Amino acid sequence: MNQKRVIEVAATLFLEKGFAYTSMDELVRVSKVSKSNVYYHFADKEELLAGVVDYWIETYERAMDQILSQNQLSVEDRVQMFLKHLSQGVQSREYKGSCPFITLYIQTPAQATHIKEKIGLFFTGLQMKISLLLQQGAEKGEFRDTIHIDEVAALFITNLEGALFLAETLKDATVITKTASHFFNLLR
């Protein structure tokens, strides 16, 4: 319970203030978990950062798997449902750290290569899921069957990250779903 609370508070503080500018003392104060309990679960701030990255990976994968497995819906509808979920998260964080992975990747200390690798693996897995969805869409006739699935999946992720960034800078989460709609129109 305390470990989960510390991770959730750290996830918010790292996106709002930045990893480097969030002190363990502030984390103790905001989470209302004792310092000894925080250090019982996390030897140092870098270990906490790894826990926060795991938290975001689990959060995104749970949402993705739940929404994307609804095979009765079109591929575009499933992706749009996931993107609406992302949009709500961006809004609830008041447009801070629109993509937690990129935000945390940039903030990760240079020596913490294992954290950066973990984020890279998340994006590799995401690209594989998008490739599978695009393949389903092509097989069902939702998209042209001549698209290069893996290249389009990589382009989709790049497009999504740009949309997340624009949503944060413009304070407009609808950019995320609108951009995806335009993207899917190009695939028909």
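The values are calculated or read from the model by the stated rules, or taken from the named source; none is laboratory data. What you see is a predicted model; the values in this text were computed from it and never measured. We place every Cβ from the backbone using ideal geometry, glycine too, and count neighbours over all the protein chains shown. Just the protein is used for accessible areas: all its heavy atoms, side chains included, with ligands, DNA and RNA removed. Shrake-Rupley method; radii C 1.70, N 1.55, O 1.52, S 1.80 Å.
The table for this structure:
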read-out	value
Matching residues, region 29-42, being closer than 22 Å to residue 115 by Cβ and open to solvent by 70 Å² or more (accessible area, probe 1.4 Å)	39, 40
Complete set of residues in region 140-164 that are loosely packed, with under 15 Cβ neighbours inside 10 Å and either within 16 Å of residue 77 (Cβ to Cβ) or aromatic (Phe, Trp, Tyr) (or both)	140, 141
Selection from region 104-124 of residues that are without any contact (Cβ under 8 Å) to a residue 60 or more places away in the chain and small (Gly, Ala, Ser)	110, 120
Leading residue by the ranking (surrounded by the fewest Cβ atoms within 10 Å (Cβ to Cβ)) among those in region 43-64 that are among the hydroxyl-bearing types (Ser, Thr, Tyr) and in contact (Cβ under 8 Å) with a residue 40 or more places away in the chain	55
Residues that are out of contact with any Leu (no Cβ under 9 Å at 6 or more places or on another chain) and surrounded by 17 or more Cβ atoms within 10 Å (Cβ to Cβ), drawn from region 108-121	118
Some residue of region 74-89 being in a loop (DSSP other than H, G, I, E, B), open to solvent by less than 10 Å² (accessible area, probe 1.4 Å) and in contact (Cβ under 8 Å) with a residue 24 or more places away in the chain	no
